[in-house]
Amino acid sequence: IDSSKFHIVEAGLKCAQGKCIVNSISLKEGEAKFKEQATIVKNHGAAVVVMAFDETGQAAGFEDKISMCCRAYRILVEEVGFNPQDIIFDPNILTVGTGMAEHNNYAVDFIRATREIKRLCPGAKISGGV
């Protein structure tokens, strides 16, 4: 279920049969909103895509991708009670192949971060769109 408006996601969860995947939630609006949305998703038995985004912005570098995903994982698993196997992180590949020097490491940072996130967040999955 994919919408930028969470009330639409919630309506979809109420109508859908079977196990859904919600695309997506993030820490962009803070921990309280993140936990509220995660709890709704969990209560409907759905999995969730978590974007590497927090109150400071989108994770572009290797370290930010890891820290944001690990923070979200800790909240989801320890505070919300989410099954780690129902967590899918999207650590943001971002724009690759533009020829701009500042974008040169985006793909490499994504691949390296993926390896580290999987190590630090057992059970979680990774997704990325190019």
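The values are calculated or read from the model by the stated rules, or taken from the named source; none is laboratory data. Source: prediction; values computed, not measured. Please note: Cβ atoms are built from the backbone with ideal geometry, for glycine as well, and neighbour counts cover all protein chains shown. Each accessible area value is taken on the protein alone, full model and side chains, heavy atoms only, with ligands, DNA and RNA left out. Shrake-Rupley method; radii C 1.70, N 1.55, O 1.52, S 1.80 Å.
Quick notes on this structure:
- Mean-position separation - Cα centroids, region 62-94 and region 95-124, in angstrom: 15
- With all protein chains in place and a 1.4 Å probe, the accessible surface of region 63-105 carries 47 percent carbon and sulfur.
- Answer label, with log10 I(q)/I(0) by the Debye sum over Cα atoms at q = 0.10, 0.15 Å⁻¹ calculated from the coordinates and candidates [x] -0.51, -0.78; [y] -0.62, -0.88; [z] -0.31, -0.67: [z]
- Subtracting the Cα-Cα distance of residue 95 and residue 107 from their residue separation scaled by 0.36 nm leaves 3.5 nm.
- C-alpha long axis of helix 6-15 to longest principal axis of the chain, angle in °: 50
- Overall, the chain carries a charge dipole of about 420 debye about its Cα centre when +1 sits on the Cβ of Lys and Arg and -1 on the Cβ of Asp and Glu, all other atoms neutral.
- Cα-based equivalent ellipsoid, region 89-128: semi-axes from gyration tensor eigenvalues, Å: 23, 9, 5
- Distance (nanometres) between label positions extended 7 Å along Cα→Cβ at residue 60 and residue 15: 3.9
- Between 11, 68, 82, the Cα set farthest toward the positive side of the dipole of region 1-111 (charges on each charged residue's Cβ, about the Cα centre) is that of 11.
- Using a probe of 1.4 angstrom and keeping all protein chains present, the accessible surface of region 91-130 works out to 61 square angstrom per residue.
- Solvent exposure of region 33-82 as accessible area per residue, Å², 1.4 Å probe: 42
- By the helix-only formula, in which each DSSP H run with n ≥ 4 contributes -39500 (n - 2.57) and the sum is divided by residues, the chain has a 222 nm mean residue ellipticity of -12500 deg cm²/dmol.
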